[in-house]
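**Q** Take this structure first; my questions come after.
The values are calculated or read from the model by the stated rules, or taken from the named source; none is laboratory data. What you see is a predicted model; the values in this text were computed from it and never measured. Positions of Cβ are backbone-derived with ideal geometry, glycine not excepted, and every protein chain shown enters the neighbour counts.
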Amino acid sequence: MPIFDLKINGQSHAVDADQDTPLLWVLRDHLNMVGTKFGCGIGQCGACTVHVDGSATRSCLLKVSMVQDMEITTIEGISDNASHPVQQAWKEIDVPQCGYCQAGQIMSATAFLNQNTNPSKSDIRDAMSGNICRCASYNRIEKAVELAASKMS
Amino acid sequence: MKNIGSPSFSRRSFIRTSALAGGGMLIGFNLFQACKPEATPPVDISQLNFNDFNAFIKIADNGMVTIFSPNPEIGQGVKTAMPMLIAEELDVAWENVHVVQGALDTKNFTRQVAGGSQSIRQGWEPLRQTGATARQMLINAAAAKWGVDSSECKTENGVIIHANGDRLGYGEVVKEAAALKVPENITLKDPKDFKIIGTDASNVDVDKIITGKPLFGLDYKEEGMMYAVVLRPPAFGKKIADYDDTDAKAISGVQEVIKFGDKIAVLAKDTWTAMKGRNALKANWTSDAKLENTEEHDKILTDLLNGKEFKTLRADGDVNKAFAAADKIVERTYESPFLPHNCMEPMNFFADVSAEKVRLVGPIQTPERTASRVAELLERDVNDISVEMTRMGGGFGRRLYGDFALEAAEISKIAQKPVQVIYSREDDMSAGIYRPSIKYKISASIKDDKITGYHLKEASVNSNMYGLIPNFFPAGAIENYQVDVASYDSNITTGAWRAPYTNFLSFAEQSFFDEIAEILEEDRIKLRLDLLQKVKGTTDERIQYSPERLEKVIQVAVDKSGWGNAKEGVYQGFSAYYCHNTHVAEVADVVLENDIPVVKKVTCVVDCGIVVNPLGAKNQIEGGVIDGVGHAMYGDFSFKNGEPQDKNFNTYRLIRINETPEVETHFIESDIAPTGLGEPTLPPAGAAVANAIKAAKGIRLYKQPFIKHMKAKAPLG
Ligand code: FES
Ligand code: FES
């Protein structure tokens, strides 16, 4: 199997994987970074969201062969000690229920707020509509993104 | 329901203590059954054994409190709320309490079988008693040290204080306390004096969740473990005829292909390879059973409703007489589809079956039952089996069924390796244990503008509403009242789905009363309140709900939602319901955007007794309401020749954030023991929305999902 050089959370990793393996499974199974979650495998739920060169991307659809030389950031890498304003906001608002979708939600929110520092409610609802929360913690996600925006500006 | 004053209890046989070798006191306790006579907590904290105790409390010599419990979290906040009950009675500051789930590290935690229920309602008294007992032991130890009577001492935030002002921290007397006899009679706090219960506490796992730490079943790994992805029959009623695994085995990385029963597992060192291998399998399927269709179910359930073969679950007075004497009879039918659970974390389970033991790890709500089913399946002694529970990425009833754990055990046994079975979303949605399709026919007889009779008929696939539901509202409120059920046996698997049965029954009933009010030209709220009047003072012990509590939530909802005074363009719908021991009223505010109804807000008033953790409770309520709105609006699931027609979120629609109403929650203040919150706010939501849509568009909805049936009734947009 080919070896791929990946740059994840600022560190290089050499991964021996089949070239069509989605980044999601490379992270979870090959590199033991299980914060990125599997929800649908078809780009519909957002549980697997990571940043690729700063953009929120569904890692379940992204083949490992396509992400060499790109900067990949996962939930494990957005801050030390949960200090990112988005994580702080998630904690203050006490967003999670079961928690399974939340890494993906945080990654989507983070990428979005890097682009839009002063979002309206409807900007937030649009930006976050690619992430499903089966527990429906949506009211709190909305509030937490608002709070994070105010922390980041 | 029992009121709590300051009752006395003996918890002696439920609690044991030890002095820890490294300092501190360890309390082992059971919630619902006495400890075995020989059971003692270990003196080494790394040896916690959950065979003998449900949970442990460690009080360190610096006064810090750690609660060790094997019960994980499913998303309902109990992992936070239950320790709050202990801390309250132990009288320590919440910030000095840490909650540790028996880590999935077999060195420290040899066996984690959760005992009893995780529900706050059942834990309410025993958990508080345990905390109070520990507190009393600490007081007794301090009193002995001072040579005074215990009754002269009180506690405050982890400190024992004698009447003369002497103080000792809990940590300073743990050694002595551990050696004392467990006291017999314990007084619980008066709810007036609660300091922790009723205050906001964040989710105890929040840091781990927001940093992506391994917590869930799918995150569990062991050395040498294989991932197994399974090919199952594509339709209910089909069996395997033959298969060809040549292509699957040719995929590099596929380790093994295992047939078991009508299923074939592909094993690999990573999930993706196992998935590819599974997809490369070729199988032929046969069938000697019926391959069922949704249209057919539709007809069968309609025939059942119109037929005569019913089981009567409750009958008051004589509905036939009331109907014969009626001025008018109103009869309406309500219909629901099957629904999959769609837990965000797809089903999965780890199993390691060896000659000595069988270890199972994963997200499961019923570890004990699963252990015995696995024992039976593998023909092993149940004592060989351990089930370790991980945090669960949602449950909604699906993880009550251990089918996925049984698969893991069977595969591991054949492979003679540790395996983790992983379901893809398609697997999860097509190997479901669904909320069955149900129809209700509700008829009411009207005489002199009053409801004189009420007849509820249920027709369902596979199973019927359970025993207590016929005693919910409007039982007791209408003189002639009858509940009849009938069902059709299908080979499609069905089971409990968040708020079983009432999740749809509430929609039917609360839509029906709304329509009756329209027909009688009566105020919708008054109609409901008048019915409740008749239940007050009832001597019928079967009646499950409290008319006073239901009346109160209705009144507060009217008040808080601005009922009757909605802004121009806002249409409101009302619904109130009792289930899962909790009384709830909801008002949905709907607006029309391009003539399409959009739910903007739901005001939800809840009487769940004492609210232990308002922050967590509101999270449950918001989730339940939005889930109820979402499934009523969009949830649709059908079968063709036994095969589920939706397999992933591209066609199966779950509510998303941009479709979500704001939920405004109000609690009724109460000193009654707490009741559950994971379920009861879901059922009323559908009717509140349907009643608001009626107000907005004049369309009365009888079928879910609304999105489909609104289109059928009137072209939208
Ligand atoms: S798992 Fe990638 S979007 Fe759902
Ligand atoms: S918190 Fe459970 S899926 Fe979002």
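**Q** Of all residues in the stretch B:335-360, which are in contact with a strand residue (DSSP E or B) (Cβ under 7 Å, 6 or more places away or on another chain), more than 14 Å from chain A (Cβ to nearest Cβ) and assigned to a strand (DSSP E or B)?
**A** Passing the criteria: B:GLU335, B:SER336, B:PHE349, B:ALA351, B:ASP352, B:VAL358, B:ARG359, B:LEU360.
**Q** All but one of (1) more than 14 Å from chain A (Cβ to nearest Cβ); (2) within 20 Å of the chain's Cα centre (by Cα) hold for B:ASP448; state the number of the condition that does not hold.
**A** Failed condition: (2).
**Q** B:SER561 is checked against (1) crowded, with 17+ Cβ neighbours inside 10 Å; (2) touching a helix residue (DSSP H, G or I) at 6+ places or on another chain (Cβ under 9 Å); (3) among the hydroxyl-bearing types (Ser, Thr, Tyr) and fails just one. What number does that condition carry?
**A** The failed condition is (2).
**Q** Could you give every pair whose Cβ atoms fall below 9 Å, whose first residue belongs to the stretch A:45-67 and is more than 18 Å from A:GLY99 (Cβ to Cβ) and near ligand 1 (Cβ under 9 Å from one of its atoms), and whose second residue is of a type in the set (Phe, Trp, Tyr) and not in a helix (DSSP H, G or I), counting only separations of at least 6 or pairs across chains?
**A** A:CYS60/A:PHE38
**Q** Also, I was wondering about something else. In the set B:GLY432, B:GLY467, which member is farther than 30 Å from B:SER546 by Cα and part of a loop (DSSP other than H, G, I, E, B)?
**A** Values: B:GLY467 fails: farther than 30 Å from B:SER546 by Cα.
The conditions single out B:GLY432.
**Q** Does any residue of the stretch B:389-400 turn out to be among the polar types (S, T, N, Q), in a loop (DSSP other than H, G, I, E, B), more than 21 Å from B:TRP497 (Cβ to Cβ) and within 14 Å of chain A (Cβ to nearest Cβ)?
**A** We begin by selecting, within the stretch B:389-400, every residue among the polar types (S, T, N, Q); these are B:390.
Those left that are additionally in a loop (DSSP other than H, G, I, E, B): B:390.
Going one step further and asking which of them are more than 21 Å from B:TRP497 (Cβ to Cβ), we end up with B:390.
Add one more test, that the residue is within 14 Å of chain A (Cβ to nearest Cβ), and what stays is B:390.
Within the stretch B:389-400 (the criterion being among the polar types (S, T, N, Q), in a loop (DSSP other than H, G, I, E, B), more than 21 Å from B:TRP497 (Cβ to Cβ) and within 14 Å of chain A (Cβ to nearest Cβ)), the answer is yes, since at least one residue qualifies.
**Q** Another question about this same structure. Residue by residue through the stretch B:524-558, note down the ones that are assigned to a loop (DSSP other than H, G, I, E, B) and touching a helix residue (DSSP H, G or I) at 6+ places or on another chain (Cβ under 6 Å).
**A** Quick first cut of the stretch B:524-558, residues assigned to a loop (DSSP other than H, G, I, E, B) only: B:534-546.
Matches in the stretch B:524-558: B:VAL535, B:LYS536, B:ARG542, B:ILE543, B:GLN544.
A quick yes/no check of all residues on (1) farther than 23 Å from A:GLY39 by Cβ; (2) of a type in the set (Val, Ile, Thr):
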site: B:THR651; (1), (2): no, yes
site: B:PRO661; (1), (2): yes, no
site: B:ILE672; (1), (2): yes, yes
site: B:ALA685; (1), (2): yes, no
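**Q** I'd like to verify a number: residues in the stretch A:109-153 that are at the interface with chain B (Cβ under 10 Å from one of its Cβ atoms), in contact with a Gly (Cβ under 8 Å, 6 or more places away or on another chain) and within 16 Å of ligand 1 (Cβ to nearest atom), how many?
**A** 5
**Q** OK, next. Starting from the stretch B:469-481, take each residue that is in contact (Cβ under 8 Å) with a residue 12 or more places away in the chain and among the acidic types (Asp, Glu) and list its partners that are surrounded by fewer than 20 Cβ atoms within 10 Å (Cβ to Cβ) and part of a strand (DSSP E or B), counting only C-beta distances under 7 angstrom and pairs at least six apart or across chains.
**A** B:GLU479/B:ASP316
**Q** If you scan the stretch A:125-138, which residues turn out to be in a helix (DSSP H, G or I) and surrounded by fewer than 24 Cβ atoms within 10 Å (Cβ to Cβ)?
**A** Going through the stretch A:125-138, the residues in a helix (DSSP H, G or I) turn out to be A:125-127, A:138.
Within the stretch A:125-138, A:ARG125, A:ASP126, A:ALA127 qualify.
**Q** Let me ask something additional. Within the stretch A:48-90, can you find the residues that are farther than 24 Å from A:ASP18 by Cβ and within 16 Å of ligand 2 (Cβ to nearest atom)? So that I can check it myself, show each step before the final result.
**A** Filtering the stretch A:48-90 for residues farther than 24 Å from A:ASP18 by Cβ gives A:54-56, A:75, A:77-90.
A:ILE75, A:VAL86, A:GLN87, A:ALA89, A:TRP90 - these are the residues of the stretch A:48-90 that are farther than 24 Å from A:ASP18 by Cβ and within 16 Å of ligand 2 (Cβ to nearest atom).
**Q** On the given criteria, is B:ASN658 farther than 30 Å from B:ILE433 by Cβ and modelled with pLDDT under 95?
**A** No: the conditions fail for B:ASN658.
**Q** Here is a follow-up. Only one of these conditions is not met by B:LEU682: (1) under 15 Å from B:ASN342 (Cα atoms); (2) touching a helix residue (DSSP H, G or I) at 6+ places or on another chain (Cβ under 6 Å); (3) more than 8 Å from every other protein chain (Cβ to nearest Cβ). Which number is it?
**A** Against the list (1) under 15 Å from B:ASN342 (Cα atoms); (2) touching a helix residue (DSSP H, G or I) at 6+ places or on another chain (Cβ under 6 Å); (3) more than 8 Å from every other protein chain (Cβ to nearest Cβ), B:LEU682 comes up short only on (1).
**Q** B:PRO214 versus (1) more than 30 Å from B:GLN76 (Cα to Cα); (2) surrounded by fewer than 21 Cβ atoms within 10 Å (Cβ to Cβ): which is the lone unmet condition?
**A** (1)
**Q** Considering only residues that are acidic (Asp, Glu) and surrounded by fewer than 19 Cβ atoms within 10 Å (Cβ to Cβ), which ones fall in the stretch B:42-97? Let's see the steps before the verdict.
**A** To start, the set of residues in the stretch B:42-97 that are acidic (Asp, Glu) comprises B:44, B:52, B:61, B:73, B:88-89, B:91, B:95.
Once the filter is applied, which keeps residues that are acidic (Asp, Glu) and surrounded by fewer than 19 Cβ atoms within 10 Å (Cβ to Cβ), the stretch B:42-97 yields B:ASP44, B:ASP52, B:ASP61, B:GLU95.
**Q** Another question, if that's okay. Can you pull out every residue in the stretch B:283-304 that is touching a residue at least 40 places away in the same chain (Cβ under 8 Å) and either in a loop (DSSP other than H, G, I, E, B) or of a type in the set (Lys, Arg) (or both)?
**A** B:SER287, B:ASP288, B:ALA289, B:LYS290, B:LEU291, B:GLU292, B:ASN293
**Q** Return the residues of the stretch B:180-194 that are touching a helix residue (DSSP H, G or I) at 6+ places or on another chain (Cβ under 7 Å) and in a loop (DSSP other than H, G, I, E, B); say none if nothing qualifies.
**A** Correct list: B:LEU180, B:VAL182, B:PRO183, B:GLU184, B:LEU188, B:LYS189, B:PHE194.
**Q** Which condition number does A:LYS151 fail, the rest of (1) more than 14 Å from ligand 2 (Cβ to nearest atom); (2) outside any helix (DSSP H, G or I) being met?
**A** Every condition holds for A:LYS151 apart from (2).
**Q** Give the residue that is surrounded by the most Cβ atoms within 10 Å (Cβ to Cβ), with candidates limited to residues of the stretch A:114-124 that are without any contact (Cβ under 8 Å) to a residue 40 or more places away in the chain and not charged (D, E, K, R).
**A** Start the filter on the stretch A:114-124 by keeping residues that are without any contact (Cβ under 8 Å) to a residue 40 or more places away in the chain, which leaves A:115-124.
In the following step, the residues that additionally are not charged (D, E, K, R) were identified as A:115-120, A:122, A:124.
Working: A:GLN115: 12, A:ASN116: 13, A:THR117: 10, A:ASN118: 10, A:PRO119: 20, A:SER120: 11, A:SER122: 9, A:ILE124: 24.
Top of the filtered list is A:ILE124.
**Q** Mind checking which pairs have a first residue in the stretch B:312-330 that is over 23 Å from B:GLU518 (Cα atoms) and a second that is not in a strand (DSSP E or B), Cβ under 7 Å, 6 or more apart or different chains?
**A** B:LEU313/B:PRO470; B:ARG314/B:PRO470; B:ARG314/B:ASN471; B:ARG314/B:ALA475; B:ASP316/B:GLU479; B:GLY317/B:GLU479
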